Amino acid sequence: MWIQSILFIFVVYNTYLYALTTGDITLECDDKLTALEIEQRNLDVIFVPLYASKLIHVIAEHFVNITHYSSVTDGCMSNLNSLETVLSTSAGKDRNLIFTVSGNFLDVQTAATMSFAVFTKLKWHLSIIFFDSSYAFLLDEFAAKTNKETHMQKLYNIDDFSNEDDVMELLKNLYSELAESHINFTVLCNHENARRLLRKASAFDQTKENFRHTALRDHSSWIVVTAASSLNEDIDTSTSLLDNVLILNLWQEEAMSNVKNCSTNNKAQNYYIYTLMWKTKTQCSPKCNLYRQFEIIGCMKPNGSLQTNSVFFPNSNYGFNRRHMLVTTKWWPPFTERIQEDGKTVDYVGYCMDLLREMGKALNFTYTVTEPVDDEFGRMLDNKSWSGMIGQLERREVDLMVATTSIRPDREKVMDFTLPFYYDTSTLLMKKPDPNEKKLLILAKPLRWEVMLCTGVVLVVCGLFLCLTEHISPYYIIHGNRGKQDFQRSFWYMFGALLTQGGESVPKSPSGRTLISAFWLFSIVLVGTYSGNLIAFLTVPLDKPPFNSLDEMIAQSEYKWGTIGGTFFVTWFNTSTVETLQAVWAGIKRFNKTDPEVLSPDPNVHIAKMYREKYVYFGDKVYMDIRKSNRCELMTAEEEIPNNYYAVGLPNNSLYTKIFSDQIISLQEGGIMQTFKEKHWPKSIFCFAPSGLQSRPISLIDLQAAFYLIGIGILMGFIVLKLEFILSWLSKKCCHQTHEKCVHLRTIPTNQDVLDAITEENIVSDPIVELSDEKDETIIFSHFIQL
C-alpha cells in the first residue's frame with residue numbers, strides 16, 4: 001500500500017513544524033504555513049489541528065476542491081492505523097470526509113443529510129447560520145440542500161468573531177433586525193465554538209444594556225450540529241437560560257436501550273438528538289431546585305430517517321419554563337390587599353393576586369411581588385418621566401405589573417398593556433348629610449321653591465282679582481253694599497281658605513263666589529299633597545346626596561373635592577379639554593394650596609376627611625362600593641363615568657404581551673375571573689333602608705320648625721301691634737278735625753222696606769245718614785228726622 005512508500009520524516013525545529021511526507025500526503029501543524037506554500041506542494045490530503053483555526057480558514061478559502069478534511073484535537077501525532085482505515089474506506093469514492101476525534105469518521109454528505117432532515121422537520125424558512133472553518137465543508141453541502149427548498153439563510157463565520165464583545169454585538173444586531181419574529185439559529189461548529197456561542201446567547205438578556213429590553217431567551221430556537229464526547233461537559237449548559245436548544249451530536253455513541261423508537265441492533269448507525277431541559281434537584285430548597293441538562297429525545301439514521309418520541313423543543317410547551325419574574329402591584333382592596341405580621345408585609349391576596357397566581361400556573365413562571373417606593377400608580381412628572389409602577393416599567397426595574405392600573409394613551413408610550421381584565425367606572429363618594437341638620441326647614445321641604453313662589457303669587461293675584469270683581473259687580477248696585485269685599489278682607493279670606501279655615505264673611509256676588517269656589521279646590525289639592533309629603537318627610541328618612549354629578553358638584557360651594565394623587569385621574573383632569581373636567585381640576589388645585597390631603601395617594605386619608613368635613617372623593621366605583629358596603633353613612637352619586645379599563649402591564653415593546661393577553665382571554669372565557677369577583681367582593685350589603693310600612697315616633701326635632709313658626713308669628717304680631725300704635729299716634733298728631741263729632745241719639749229698628757224708602761227720599765238731602773250692616777239691620781241717624 002501507499003503507506004509503505006514513506007521515505008523519511010523530517011522536523012524543522014526553527015519553525016516548530018512537524019511534517020509527515022509521502023509524496024502526496026502531508027501532516028501540517030504550523031499555522032504560519034501559508035496557503036501558497038501548501039498549494040505549491042500539490043497535496044491531496046492535509047491534516048490540521050483544530051487549534052489552528054486561522055490556517056483552516058485560509059485553506060477553506062483557497063482550496064474549494066480539497067478531497068479530504070480531518071479534525072483532530074490531540075496534536076499532529078495521530079494514529080496512522082486510523083488514518084489508513086479512513087483512506088482505505090474512502091478509496092475510489094468521490095466524497096469529502098469529516099473525522100471525529102475518536103478516530104471514527106462521517107462523510108460530509110451524510111452529516112448534511114441528517115442536518116437537513118432536522119431543518120426540514122422544523123419548516124424553517126429563514127435561519128441564521130453560524131459556522132466555523134472546521135465545518136465549512138458541511139456548510140457547503142447543507143446550504144446546497146436548503147437552497148433547493150427555497151430556504152433563506154444569513155451566514156456568519158464565528159472564527160471572524162474571536163473577540164467576545166464582537167459576538168455580543170453580532171447578536172445585538174441580529175436581535176434588532178429580527179426581534180419582531182421568532183429567531184431561528186443553526187450552529188455548525190466544533191464543540192468549543194458551539195459552547196462559546198451558546199454561553200453568549202444565554203447571557204445576552206442579562207447584560208446591563210439588554211436587561212428586560214430583550215427576550216432572546218424565549219424568542220429564539222437553536223439547532224446545533226457538532227461532535228462532542230460529553231455534551232454536558234463539552235457544551236456546559238448547566239447555567240444556560242436558553243429555552244429552545246436542540247443538538248444533533250455527530251459523535252457516535254454506544255446504542256442506548258432506554259430511548260424509544262431507536263434501534264439498538266447496529267450501534268454504528270445511531271446518532272442521537274438532544275434537547276436542553278429543566279431538571280429538578282432533590283433535597284434542595286425551592287430557590288435552587290432547577291438546573292439545565294441535555295436529554296435524548298430521539299435518534300437519527302445516516303439516511304436522514306428521524307426516530308423520536310417528542311417534539312424538538314418541548315420547552316416551548318412549558319411557557320416561561322420556571323422563569324422568575326419581579327411583579328409590581330399596589331394596595332387597593334379588593335384587588336390587592338396586604339397580609340402583615342409584626343408590621344411587615346409577608347404576602348398579598350385579592351383579585352389581582354389570584355389572577356397573577358393563575359397566570360403563573362398556566363405560563364409556568366414564578367414571581368416575587370413588590371410595591372413602588374413612592375406608593376403611586378403612575379403619573380408623568382415635570383421632566384417627562386413617570387412615577388410609581390409606570391416608572392418601574394419604564395426603567396425596566398420589574399418584569400410585570402398586575403394592579404388596578406387604567407389603560408391610557410400617554411402611558412402606552414412608555415409601557416405595554418395587555419387586554420383588559422376588568423372594566424370599571426368612576427363616581428363620587430361622600431358622607432350622607434346629617435338628617436337633623438336641615439330639619440329646621442322641614443315644613444318647606446315637601447314643596448319646591450317654584451311651588452311656594454307660585455302659591456304666593458296666586459294668593460296675591462286672586463285677592464286683587466276678587467277685590468276688583470267685587471268693586472265692579474252690578475250685584476251690589478242692585479242689592480246694596482252689604483257683604484262687599486275690599487282687598488284686605490279678600491286677602492285674609494283667601495289665606496284662610498288656603499289653610500282650610502275659611503274667612504269672616506263670604507262674598508255676596510255670584511262672580512266673587514265662583515272665584516272663591518275655584519280657589520277652594522286649588523287649596524284642597526295643594527294642602528292634601530303637602531300634608532301627605534310632610535308625613536313622608538317626618539317618618540321616612542331620605543338618603544339623597546347633596547349632588548349627583550360633576551356639574552352639580554362644581555356649581556356648589558359648600559363641599560370640597562379631591563382624588564387619589566399619582567393616578568391617571570390627575571393626568572386625565574389636567575390634560576382634558578372638557579370644561580367640566582377642567583373645572584374639577586381647577587378646584588382640586590385651589591384646595592391643594594391649603595389642604596394637600598385632596599391629592600393624597602392613600603384612599604384612607606380621603607375617607608377620614610369625609611368624616612371630618614364636607615368633602616367629596618372622586619375615584620373608582622368598585623372601591624367605593626366596597627367601602628360603603630359596611631359603612632352606612634357613606635353614599636355615592638348617581639352619575640358614573642365609564643373610563644377605567646384595568647390591564648396587566650409589561651415593559652415597552654415586550655414580546656410577551658400577546659402571551660399574557662391570550663391567557664387573560666382564556667381565564668375570562670372559562671369563567672375564572674367571575675369566581676375571583678365572587679370570592680373577594682362583599683357577600684352582602686349591611687345597610688338596609690327602612691321599609692315604607694315601618695313607622696317611627698315623631699321627635700321634637702322633627703317639629704322644631706312648627707315651634708319656630710309660632711314663635712315667629714308671635715314676634716310679628718307684636719311688631720304689627722307696635723306699628724298700629726305708631727300709625728295711630730301719627731294720625732292724631734298730623735290730622736285736624738274739620739267736622740263736629742257725631743252724636744248718636746238712638747237706634748231705631750226697622751225693616752228693609754222702610755230702609756229703602758228712607759234711603760231713596762233722604763240720602764240726597766241729608767248726607768249724614770249712615771247705613772249699618774249689623775245683624776239686627778238698624779238705621780243709625782246722626783240727626784233725628786221726623787217721619
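The values are calculated or read from the model by the stated rules, or taken from the named source; none is laboratory data. Note that the structure is a prediction, hence the values are computed from the model and not measured. Methodologically, a virtual Cβ is constructed for each residue, glycine included, from the backbone with ideal geometry; neighbour enumeration extends over all protein chains shown. Ligands, DNA and RNA are stripped out before the accessible areas are found, and what is left, the full protein with its side chains, is counted by its heavy atoms. Shrake-Rupley method; radii C 1.70, N 1.55, O 1.52, S 1.80 Å.
Of note:
- Subset of region 627-653 that is more than 17 Å from the chain's Cα centre (by Cα) and open to solvent by less than 30 Å² (accessible area, probe 1.4 Å) - its residue that is nearest to Leu355 (Cα to Cα): Ser629
- From the options Glu180, Glu169, residue that is surrounded by fewer than 21 Cβ atoms within 10 Å (Cβ to Cβ), charged (D, E, K, R), free of Cβ contacts under 8 Å to residues at least 24 places away in the same chain and not in a helix (DSSP H, G or I): Glu180
- Applying a threshold of 9 Å to beta carbon distances and a minimum spacing of six or more residues, or different chains, the list of pairs starting in region 558-580 at a residue that is under 17 Å from Lys621 (Cα atoms) and ending at one that is at pLDDT below 85 reads Phe568/Asn643; Phe568/Asn644; Trp572/Asn643.
- Residue match in region 302-316 (condition: of a type in the set (A, V, I, L, M), closer than 28 Å to Ser220 by Cβ and touching a strand residue (DSSP E or B) at 6+ places or on another chain (Cβ under 7 Å)): yes
- Residue check: His744 meets all listed conditions (1) open to solvent by 100 Å² or more (accessible area, probe 1.4 Å); (2) over 30 Å from Phe320 (Cβ atoms); (3) at pLDDT 65 or above but one, namely (3).
- Only a single criterion out of (1) in contact (Cβ under 8 Å) with a residue 24 or more places away in the chain; (2) in contact with a helix residue (DSSP H, G or I) (Cβ under 7 Å, 6 or more places away or on another chain); (3) exposed (fewer than 15 other Cβ atoms within 10 Å of the Cβ) is not satisfied by Arg396, namely (2).
- Residue-level analysis places Val349 among those that are of a type outside the set (Phe, Trp, Tyr), under 30 Å from His606 (Cα atoms) and touching a strand residue (DSSP E or B) at 6+ places or on another chain (Cβ under 7 Å).
- Residue in region 590-608 that is under 21 Å from the mean Cα position of the chain (by Cα) and on the phi > 0 side of the Ramachandran plot present: no
- Hey, Ala362 within 27 Å of Trp681 (Cβ to Cβ) and open to solvent by 40 Å² or more (accessible area, probe 1.4 Å) or not: yes
- Pairs with Cβ under 8 Å, 6+ apart, first in region 223-249 and open to solvent by 50 Å² or more (accessible area, probe 1.4 Å), second charged (D, E, K, R) and in a strand (DSSP E or B): Ser238/Arg292; Thr239/Arg292
- Note on region 655-669: residues that are among the charged types (D, E, K, R) and either more than 14 Å from Gly319 (Cα to Cα) or touching a helix residue (DSSP H, G or I) at 6+ places or on another chain (Cβ under 7 Å) (or both) total 1.
- Condition met for Val369 (open to solvent by less than 40 Å² (accessible area, probe 1.4 Å) and either of a type in the set (A, V, I, L, M, F, W, C) or touching a strand residue (DSSP E or B) at 6+ places or on another chain (Cβ under 8 Å) (or both)): yes
- Selection from region 128-152 of residues that are open to solvent by less than 10 Å² (accessible area, probe 1.4 Å) and touching a His at 6+ places or on another chain (Cβ under 7 Å): Ser133
- Checking each residue in region 327-355 for being among the polar types (S, T, N, Q) and surrounded by fewer than 20 Cβ atoms within 10 Å (Cβ to Cβ) picks out Gln340, Thr345.
- Listing of strands (runs of 3 or more DSSP E) fully contained in region 296-380 that carry 3 or more residues being farther than 30 Å from Thr110 by Cβ and of a type in the set (Val, Ile, Thr): 344-349, 365-370
- Output for region 450-471, where each listed residue is closer than 11 Å to Gly512 by Cα, modelled with pLDDT of 75 or more and either of a type in the set (Gly, Ala, Ser) or open to solvent by 30 Å² or more (accessible area, probe 1.4 Å) (or both): Gly463, Phe465, Cys467, Leu468
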